[in-house]
Amino acid sequence: MALVEFQRHIMSTPARGRILLSVTGFNPQRWYDLLSKKRDVVLEPAGAEDPSIDYAVVWKQQPGILSRLPNLKVIFSIGAGVDHIFTGDPPPDVPIVRVIADNLTQYMCEYVCWRVLDHHRQGIHYRTQQARKVWRDAQQPPANEVSVGIMGLGELGRHAARALLALGFKVNGWSRGVRTMDGVSTFHGAEGMTPFLNATDILVVLLPLTPATEGIIDHSVLSRLRQDGPLGGPCLINAGRGRLQREADILRALEDGTLKEASLDVFEREPLAPESPLWPHPRVFVTPHAAAVSDPAHLAAPMLRQMEAFERGEALENLVDPKVGY
Ligand code: NDP
Ligand code: OXD
């Protein structure tokens, strides 16, 4: 290419969109290192109001920071959930991309199977016996007599449902709209909720946090779970979001016999306060929002590819519907 032509080419090539990185609670350096292999990355708060920033890669970003970026084109959540983007001021009207990734789905599937099997095989009961050196086997129902109900039959819920079916459990699913799935009894909407709960022994919550789902796991929901099932009482597993649950109601349900046991990965306030009665509760299993942690080694490259594709005019994948908030 002749020099003049080359200069013309350089001048007509648009600057590659820069990225604002704002990932509270994660290690920004790992994300920075991987994203900056292909793009200019600016760490908040330095990038606020920078007109050369096209993309924001975020987790619990600083309030208001997205609205101050004058040329923001796409927001990427580093998690599957996007409630953090809708918290506080509404985000700017640009596409929001969330994570759907094999390794995240696999982690969640492992977590759900682990917790379901632990409740099913009476892990909490046996750990209590072990502490007292008690050698006594408990009655063990077969998996095909136990119904696991998954609230949220999306990417993560469907995958977990398939794994639970393979383990031999009966599986029910509940979603907003109609969903069908081989081998799974599906229910949807407000009218499907009570029949879904009535047929469930182990409730797995994999819902997004939206205005419609906030506080949904309350005493009334827990009291509609199957009370005379083969496990001697229903169990709750929440790996969706903490603000889906009313923790005071869970504790009440554990005390009044409505709920047998709970596995909680997420909490109304995180980290869980040291004084929370959930920590020492003998029938509660606590993990620190660790069911499926976003790994930049798996997620940064697909994000960069989406940016390239977007600049070629191709459609973005894994888009969030801002009207429903997930
Ligand atoms: P999806 O968006 O793929 O699926 C969401 C499911 O919830 C859909 O089936 C949807 O129904 C259903 N849903 C949404 N709103 C309602 C409602 N009002 N009533 C009934 N059903 C509803 O999400 P994912 O499966 O990818 O992820 C689910 C959530 O898991 C994330 O939003 C996040 O909060 C959480 N998560 C937690 C992690 C952890 O480490 N603890 C890790 C990753 C994710 P429909 O099918 O009709 O749209
Ligand atoms: C997510 C999470 O939403 O880790 O991906 O909670």
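Tabulated values for the structure
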| item | result |
| --- | --- |
| Dipole of the chain, positive end: most advanced residue of G149, G168, A301 [Cβ charges, Cα centre] | G168 |
| Three-way shape label, the chain, alpha-carbon gyration tensor, a/c 1.5 | prolate |
| Over region 106-202, volume per residue of the alpha carbon convex hull, in Å³ | 102 Å³ |
| Contact order normalised by residue count of region 47-124, Cα under 8 Å, 6+ apart, percent | 25 percent |
| Difference of contour (0.36 nm per residue) and Cα-Cα distance, R252 to D40 | 71.2 nm |
| Cross-link reach list, lysines versus K323, counting only Cα pairs under 19 Å and skipping chain neighbours closer than eight places | K73 |
| Sequence-separation-based contact order of the chain, relative, with Cα cut under 8 Å and 6+ spacing, percent | 15 percent |
| Exceeding the 30 Å Cα-Cα cut-off - candidates K170/K260; K133/K260; K38/K60; K133/K170 | K133/K170 |
| Helix-only mean residue ellipticity at 222 nm for the chain, each DSSP H run of n ≥ 4 adding -39500 (n - 2.57), per residue, nearest 500 | -9000 deg cm²/dmol |
| Carbon + sulfur, % of accessible area of region 97-239 - ligands and nucleic acids excluded, 1.4 Å | 51 percent |
| Percent of beta bridges antiparallel (DSSP, the chain, rounded to nearest 5) | 0 percent |
| Size of charge dipole - region 102-286 - debye, nearest 20, with Cβ of Lys, Arg +1 and Asp, Glu -1, no other charges | 320 debye |
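The values are calculated or read from the model by the stated rules, or taken from the named source; none is laboratory data. This is a predicted model, so every value here is computed, not measured. Quick reminder, even Gly has a Cβ in these numbers, built from the backbone with ideal geometry, and neighbours come from all protein chains shown. Side chains are part of the model used for accessible areas, which takes the heavy atoms of the whole protein and leaves out ligands, DNA and RNA. Shrake-Rupley method; radii C 1.70, N 1.55, O 1.52, S 1.80 Å.
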